[in-house]
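**Q** Quick one: the structure is below, and I'll ask about it shortly.
The values are calculated or read from the model by the stated rules, or taken from the named source; none is laboratory data. What you see is a predicted model, and the numbers here were worked out from it, not measured in a lab. Neighbour counts run over all protein chains shown; Cβ positions are idealised from the backbone, glycine included.
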Amino acid sequence: MAFLGVILFLIVIIKAGPVNLGRIIKAGPVNLGRVFALLFNFQGLLLVAITILAAYFGIWRSAIVLHSYGHKLAFWPLATLWLAGFGAGYALPINLGGDIIKAYFTKKKFDFLSWERAIAASFAERILDATIFFVFLIGGLAIFALKSNLAAYLSVGVLVVLGLVTTGLILFYLKAQQKEGFLQWFFNFSGLAKSRFFKGQGNDVLLGAEKEMLQFFHVSRVYFWQGLAVSFLRYLALFGRVWLLLFLVTGHVGLFKALAIFGFTLVGFLSPVPASLGTLELSVGLGFQGLGLGFDSGAVLSMALRSVDLLACLAGLVFCAKFALATAERRVLSLFKWGRGQAAP
């Protein structure tokens, strides 16, 4: 998948052209390095500030979900866990990998949490995030369809996939109101129920996590609505970041065009390519082209956006490494103590 991303990225570079890639407002000499240099001026600091605000809403959502299970936890530990999950999810081919890693480190950091609640909290956040993600995505593509005659060419296939995913989300919410899960049916349907792992403790933990998660998503619970509202604020901040970049790259400040472009940035993040390399540039470039803003401008926007996200990803990977080393150290120490106990007379 990473190789595919590199190929797509090179295609975008060739299509955009080496001269146009450096074009950005008041950029001076045109070169690709100017895109990354954007981080070191006032506009770059503003983009970083908005990214931090979006991360803050993500961490706040983590606190809300865990508070719904009766655990009021400090902000900074939750911040490090959220960043670790974001960094892993951004770098891995499948974003859910970040949720699995976050659930694992959450359990290891907070021993009083059960595995069921650690897993439920992590995936509850993912579903809240996905709900608002698809609201903005479908809204952006719908606006694009109204403003561009290339809509059929660019977005029909994506809309079919989105329709299936949206149907899945609706079914999940309907099932959640009746506290009915999907996992046992899925295990039986796929044959996983017969496997060794899903016959034992692993099956009990996953089904228990699903039960905990379904309790959170009941519409009668205030925590659910708080989590949904904070997720909306997070995506509002991410939209504001794209809107600012659209102005810096093209000078356009139209709300509807910004929403359409934001929709195409979200399309780029749907791919299983690590860091959406190439797919983000291609998706945004096509969105820009369909709106008459120029493919090359879309490539500039997506690269500037990626440069900011990479900072958050790198910070998250540092915390991932820190948590992994701490977990390994505890494991070695526990083995050492066990060995000494065995050796004692």
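**Q** Checking the conditions here, which among Thr265, Thr250 is within 18 Å of Phe295 (Cα to Cα), β-branched (Val, Ile, Thr) and within 16 Å of the chain's Cα centre (by Cα)?
**A** Every option except Thr265 fails the conditions.
**Q** Considering only the range 69-109, how many residues are under 15 Å from Ala121 (Cα atoms), out of contact with any helix residue (DSSP H, G or I) (no Cβ under 7 Å at 6 or more places or on another chain) and of a type in the set (Val, Ile, Thr)?
**A** Result for the range 69-109: 1.
**Q** If you go through the range 267-278, how many residues are buried (at least 23 other Cβ atoms within 10 Å of the Cβ) and part of a helix (DSSP H, G or I)?
**A** 3
**Q** Output the qualifying pairs, or none if there are none: Cβ atoms under 6 angstrom, residues six or more apart or on different chains, first residue in the range 172-193 and of a type outside the set (D, E, K, R), second residue modelled with pLDDT of 75 or more and part of a loop (DSSP other than H, G, I, E, B).
**A** Taking only residues 6 or more apart or on different chains, the pairs are Ala176/Phe217.
**Q** Mind listing whichever residues of the range 53-76 are surrounded by 14 or more Cβ atoms within 10 Å (Cβ to Cβ), without any contact (Cβ under 8 Å) to a residue 60 or more places away in the chain and in a helix (DSSP H, G or I)?
**A** Tyr56, Ile59, Ala63, Leu66
**Q** Let me ask you something else. Does Val284 fit the bill of being buried (at least 24 other Cβ atoms within 10 Å of the Cβ), without any contact (Cβ under 8 Å) to a residue 40 or more places away in the chain and in a helix (DSSP H, G or I)?
**A** Yes, satisfied.
**Q** Now for a different question. Using the structure shown, decide if Leu81 is within 23 Å of Pro274 (Cβ to Cβ), in contact with a Ser or Thr (Cβ under 7 Å, 6 or more places away or on another chain) and among the aliphatic types (A, V, I, L, M).
**A** yes
**Q** Looking at Ala321, Ala326, Ala304, which one is assigned to a helix (DSSP H, G or I) and touching a helix residue (DSSP H, G or I) at 6+ places or on another chain (Cβ under 7 Å)?
**A** Ala304 is the lone residue from the list that is assigned to a helix (DSSP H, G or I) and touching a helix residue (DSSP H, G or I) at 6+ places or on another chain (Cβ under 7 Å).
Rundown of residues vs (1) at pLDDT below 75; (2) surrounded by 15 or more Cβ atoms within 10 Å (Cβ to Cβ); (3) part of a helix (DSSP H, G or I), yes/no style:
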position	(1), (2), (3)
Thr166	no, yes, yes
Ile170	no, no, yes
Glu180	yes, no, no
Gln184	yes, yes, yes
Phe189	yes, no, yes
Asn203	yes, yes, yes
Leu207	no, yes, yes
Lys211	no, no, yes
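**Q** Moving on to the next point. Here's a check for you: in the range 213-224, which residue that is within 20 Å of the chain's Cα centre (by Cα) and among the aromatic types (Phe, Trp, Tyr) is modelled with the lowest pLDDT?
**A** Phe217
**Q** Only one of these is in contact (Cβ under 8 Å) with a residue 12 or more places away in the chain and buried (at least 23 other Cβ atoms within 10 Å of the Cβ): Phe256, Phe295, Phe232, Phe264. Name it.
**A** Among Phe256, Phe295, Phe232, Phe264, only Phe264 is in contact (Cβ under 8 Å) with a residue 12 or more places away in the chain and buried (at least 23 other Cβ atoms within 10 Å of the Cβ).
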